[in-house]
Structure formats: C-alpha cells, structure tokens
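Novice: First the structure, then my questions, so here it is.
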2 protein chains.
Amino acid sequence: MAQSSPEARYRTQAFAQLAGVTVRTLHHYDRLGLLRAKRSSNGYRLYHAGDLERLERISALKFLGVPLAHIGRILDGRPASLSEELAAQRRALREKRRLLDIALSAIEEAEAGILDGKPTAVLLRRIIQAITMQDNTGWMMQYYSPAAQAKIAERAASFTAEMQAEISQAWRQYFRDLNALEREGDQDGKRAAELAQRHRELIAAFTGDDPEIESGLAALYRDRANWPTEMQEKLAEYENPDVQTT
Amino acid sequence: MAQSSPEARYRTQAFAQLAGVTVRTLHHYDRLGLLRAKRSSNGYRLYHAGDLERLERISALKFLGVPLAHIGRILDGRPASLSEELAAQRRALREKRRLLDIALSAIEEAEAGILDGKPTAVLLRRIIQAITMQDNTGWMMQYYSPAAQAKIAERAASFTAEMQAEISQAWRQYFRDLNALEREGDQDGKRAAELAQRHRELIAAFTGDDPEIESGLAALYRDRANWPTEMQEKLAEYENPDVQTT
DNA sequence: TTGAACCCTGACGTGACGTGAGGGTCAAGA
DNA sequence: TCTTGACCCTCACGTCACGTCAGGGTTCAA
C-alpha cells in the first residue's frame, strides 16, 4: 500500500485518481471556484489532503442531484441551506422515481408483446397506453366496475388519436384557465360560470351519459380523501365552490 | 367540444396545444427531420392528423429515455430496432433507479440527523457514508457477524479520508489492470502473478488480519452464487484461476 | 389602418463536463 | 546533450433537447 504523510501534495492526475474523478472535472471545479487548487511555480495545480475532504463532499452532493452552483453555496455559505437543498432534492427525486417506474413498467408491458411477435405499431400503442394510464388515470380505474372499465376502454379505442388529443387538450386548457382565474381573481363571476360549464361538458364527454361510468366517477369523487398526494394537490382547485358540479 | 374533420390542418401553435408539446419542440423535430411538416404558400408549417400519431409515438419513446436520433431510426427503420432499444433502455433505467434509491435513502438518513440539530459537517459525513455503503458494500454486511461489523466500522472511522481514498483508488486500479490483462492476454504470467500479489495485499489491508473479519469475508465469497446481479458480472473477473487467492 | 396574435429563421444559453488542439515542463535513458 | 514520453496548462467547441430572445413577416378582426 502507498504511504501517505500529512503534508502530501498531489498533482492533478494523481489527485483525480485518488478521488475517483477525471482530470477535466478538477479543471472544471477549479474554474468554477468550487475547489480551488494552489499553484506551483510552473503553474501546475497542487492539491492536498484537505482538498480531498471537500471534493468528497462535492461528489456526494452531486450524486444527490444538487447542481454545482448550489453545492458551492452549501459548502461556503450558511448551514441551513443544506437542509433546504435536501428537502428540495427529496421531492425532485421522488417525482423522478415515479416517472421512472412508469417508464419501466411500460417497457416491460411492451416487451411482453414482443414475445408474441407483435408488430412495431402495436407495441408502440401499448407503450403509449401504459404511460397515459399509469401517469394519470391508472389508480382511478379501481373505482369503476369491470363493466364500466370495459366500456371506458371500448370508447377510448373507438376514438382516433386526434379526438383523444383534443379531449386531453381541452382538459389541459381547462386547468390552465382555472389556475389563471385563481391567480387573477374573478370580478363578476362570469369566467367562473363559463369554466363550470366547460367542466360539465368535459365530464359529460367522458361519461358519454353511461350510468355505469357515471356511478364509478361518483364513487371516485366521494373517495377523494384517499387520492394520491399529487392528485390531492390538484384537487384543491376543485374546492372552489363555483366548480363543484360533480 | 371542438369538432374535427379528417382533413383538419393545424398550424404550429394549435398542433402543439393539441399534442401537449411546445412550439419550439415542433420546430426542433422539424429541423431534425423527425416530424417534417408541410408548408403553406406563406411558409407556415401545416400539420394534419397523421402527424399527431407520429408525434405521440415520438413523445412516448422520449418518455422512455430513448434519444431522438434513435427514435428516428425506430420509426423509419427496421422494426427490430425497437426491441433492441427497449432492452437497452430497461437496463439503463434499472440502473438509474438503483442509484436514485441510494440517493433517496441517503437524503432520508441525513434528514433524520437534521432533527437532532447536527451540524453540516456531520450530515455530510452521513450522506457520504450512506452512499458508499449502499452503493458498494451494504449488501455485503449481512455476511459479517455483529462483532465483525463493529470492527469494520471502527477501523473505517479510524482512517483519514485520504487513507480511505488511497485504498479505494488501489482497488480501482487493481480492477482496471485486471481488465486490461484480460483484454490483452498474458504472455509470461508475470503480470498475473503481480496482480495476484496486489490482490492478497488489498485483502490483508481490509481484514487487518482480524479472524472475525476474515471469516465473514470467507462466508461472503462462499455465497457468491447469491450476490446481486451487478456483482455477479464483476465476479467473472475473479474466475480467472490466477487470481483465486481468497 | 392599426393592433394583436400569430408565423418564420437564426443564434445564443443551459449543465457538467468530454474531447481535442496547440504548446510548455520535467525526469530518465541513449 | 538530446530526445522521448508522460505529465502539465489554457482555450474552445461538442454534447442533448430544447428555452429564450431578436428581428422581421403575415393575417385577421375592430
């Protein structure tokens, strides 16, 4: 094993190998001021043992997804910024993992179709369905009776991609307008009334006046206290009394 | 609801809203040749219903993490490329999720320390330990007796960051040299003998000649058939008979 | 006819480096 | 002494999927 003295100085490559990073990374951190190296008389960078500790902290925070600019503030600035950054990263990573799990299950779903020799178009359709179902509505399906689920799937299959896109566009637009209304306030209640009308139309277009689908939707809304967290947040918008039309 | 005819043409913004992407994204895909738009006489892009289907496929594959250049080949090229791409993405996403889980548990571990009012330095040390433990050796610890685990932790705590870095650098270098040896072959067996010697030294440095640690290490190696998949692959390098010194 | 709301094409910015290009430094061997 | 090779340095452009202006044209309703 190599012997180390407390005054050991390393040049760039040696220090990079010691820490398990590349030379270019050290150049980068040096220029950013994140890990400044001393210079020898010929201009070479010189690192010592104390720099290693700082570099390990940088690498650890980078592993958590913290941007380099924030890492600088954490290591040099006020200590509270660490806990704020950790909380922010935890939320961001949770969301990333949620999307990642959706992607993985979509892939696995599609790969099951490959074994049957399905053509590319069918596999792509499976992937799209797996993503949209899991991402938005998958957890909702448990509220519908099997008969209602079958009807929903049948209606969805009978739509063209264009029609489906128009429907989800209308929902997106509805939520955008609802958000805008909450931000800007409503002077005369006309905009709220118009939004409520659009909401009724969207609901009607979804149920297609089918009583089985309507009863499932009602059950879904009654149990809103148990929705997933990210839906709970969107639910707050519904709590506007002008829009409680369900 | 908006009515749609089969010959509906959309200009850029309308089509972007319909599909839930930005105008800039459509420009980008147009320039890449990924989704080419027709042009009206005044140079405006015109999209129609068939483009929407292609765009949805593009968005779905992008969601899975497939780079745009590959998406073009999948949608235009031979159909087998889809299944290859899916398999590659599945591996990549699994690895991402593994690292993401490590990061998340490291954050939660550190946040538990925040409640106790620990200073930043202690929290950072916890994060680094959580990462390195989970990433490399966490699953190994089950093979060691509680007494051996305590001794390992004690020895680790007594090392400076510099010494620990030198040890892991030596291991990294060992694996690099081992890989190089396998690629390039060994003419006279001298390099293999030298590597085997380094391996013995690294093992001895780890156990510190402690019999409890040594017996745990032996148990770990005996049970190598049950190691995690990513370690199984690294194990293949050990199967070189020159290096079976454990 | 004027303004709002569209449309277009460049072209630079983002983040964390990778990857050369072009040139200097230094110790060991011929 | 010269050369070779292994280091070192500083630009500066490339990556990836767009975001974000800047500068200028088109269309439609009031």
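Novice: State the number of residues belonging to the range A:113-132 that are of a type in the set (A, V, I, L, M, F, W, C) and facing chain B (nearest Cβ under 7 Å).
Specialist: 6
Novice: Do we have any residue at all in the range B:66-76 that's more than 12 Å from chain A (Cβ to nearest Cβ), open to solvent by less than 40 Å² (accessible area, probe 1.4 Å) and away from DNA strand C (no atom under 15 Å from the Cβ)?
Specialist: Yes, the range B:66-76 contains at least one residue that is more than 12 Å from chain A (Cβ to nearest Cβ), open to solvent by less than 40 Å² (accessible area, probe 1.4 Å) and away from DNA strand C (no atom under 15 Å from the Cβ).
Novice: Could I ask something else about it? Kindly indicate whether any position in the range B:109-117 is more than 11 Å from DNA strand D (Cβ to nearest atom) and under 23 Å from the mean Cα position of the chain (by Cα).
Specialist: yes
Novice: Among what's in the range B:1-12 and is modelled with pLDDT under 95 and either closer than 22 Å to B:HIS70 by Cα or outside any loop (DSSP other than H, G, I, E, B) (or both), pick the residue that is least open to solvent (accessible area, probe 1.4 Å).
Specialist: Looking at the filtered set, the residue picked out is B:TYR10.
Novice: In the range B:42-60, what residues are more than 10 Å from DNA strand D (Cβ to nearest atom) and over 16 Å from B:THR12 (Cα atoms)?
Specialist: Across the range B:42-60, the qualifying residues are B:ARG57, B:ALA60.
Novice: Report yes if some residue within the range B:24-31 is in the same structural domain as B:GLN13 (by TED's automatic domain parsing) and closer than 18 Å to A:THR120 by Cα; otherwise report no.
Specialist: Within the range B:24-31, none of the residues are in the same structural domain as B:GLN13 (by TED's automatic domain parsing) and closer than 18 Å to A:THR120 by Cα.
Novice: Next question, about the same structure. May I ask you to verify whether A:LEU99 is away from DNA strand D (no atom under 13 Å from the Cβ), open to solvent by 20 Å² or more (accessible area, probe 1.4 Å), in the same structural domain as A:ILE131 (by TED's automatic domain parsing) and not charged (D, E, K, R)?
Specialist: Yes; evaluated as a whole, the condition is true for this residue.
Novice: How do the pairs read when you match residues in the range B:160-174 that are more than 7 Å from chain A (Cβ to nearest Cβ) with residues anywhere that are open to solvent by 20 Å² or more (accessible area, probe 1.4 Å), using Cβ under 6 Å and keeping only pairs 6 or more apart or on different chains?
Specialist: B:TYR174/B:ARG198
Novice: While we're here: Against the condition closer than 16 Å to B:ARG57 by Cβ and not assigned by TED's automatic domain parsing to the domain that holds A:GLY216, how does A:ILE107 come out, does it pass?
Specialist: Yes, satisfied.
Novice: Which of the numbered conditions does B:ALA110 fail, given that it passes all the others? Conditions: (1) at the interface with chain A (Cβ under 10 Å from one of its Cβ atoms); (2) open to solvent by 20 Å² or more (accessible area, probe 1.4 Å).
Specialist: Here B:ALA110 clears every test but (2).
Novice: Pairs only if they're at least six apart or on different chains, beta carbon under 6 angstrom, first in the range B:72-101 and under 16 Å from B:ALA60 (Cβ atoms), second at pLDDT below 95 and open to solvent by 70 Å² or more (accessible area, probe 1.4 Å); list them, first residue then second.
Specialist: B:SER81/B:ARG73
Novice: Right, something else. When the residues of the range A:42-61 are filtered to those that are surrounded by fewer than 16 Cβ atoms within 10 Å (Cβ to Cβ) and either more than 10 Å from every other protein chain (Cβ to nearest Cβ) or in contact (Cβ under 8 Å) with a residue 60 or more places away in the chain (or both), which remaining residue is farthest from A:GLN17 (Cα to Cα)?
Specialist: Ranking the candidates gives A:ASN42 first.
Novice: Here's a follow-up. Taking the range A:201-245 only, how many residues are out of contact with any Lys or Arg (no Cβ under 9 Å at 6 or more places or on another chain), modelled with pLDDT under 65 and outside any helix (DSSP H, G or I)?
Specialist: The number of residues fulfilling the criteria is 3.
Novice: Look through the range B:38-65, keep the residues that are within 29 Å of A:ALA110 (Cα to Cα) and assigned to a loop (DSSP other than H, G, I, E, B), and return whichever of them is nearest to DNA strand C (Cβ to nearest atom).
Specialist: Across the range B:38-65, the extreme among qualifying residues is B:GLY65.
Novice: How about the range A:66-78: which of its residues are part of a helix (DSSP H, G or I) and out of contact with any helix residue (DSSP H, G or I) (no Cβ under 9 Å at 6 or more places or on another chain)?
Specialist: A:ASP76
Novice: Please find, among B:ARG39, B:ARG90, B:ARG24, B:ARG31, the residue that is away from DNA strand D (no atom under 13 Å from the Cβ) and open to solvent by 50 Å² or more (accessible area, probe 1.4 Å).
Specialist: The conditions single out B:ARG90.
The values are calculated or read from the model by the stated rules, or taken from the named source; none is laboratory data. Just so you know, these numbers come straight off a predicted model, no measurement behind them. Counting neighbours? That spans all protein chains shown, and the Cβs are built from the backbone with ideal geometry, glycine included. Areas reflect the complete protein model, heavy atoms only, side chains present, ligands, DNA and RNA absent. Shrake-Rupley method; radii C 1.70, N 1.55, O 1.52, S 1.80 Å.
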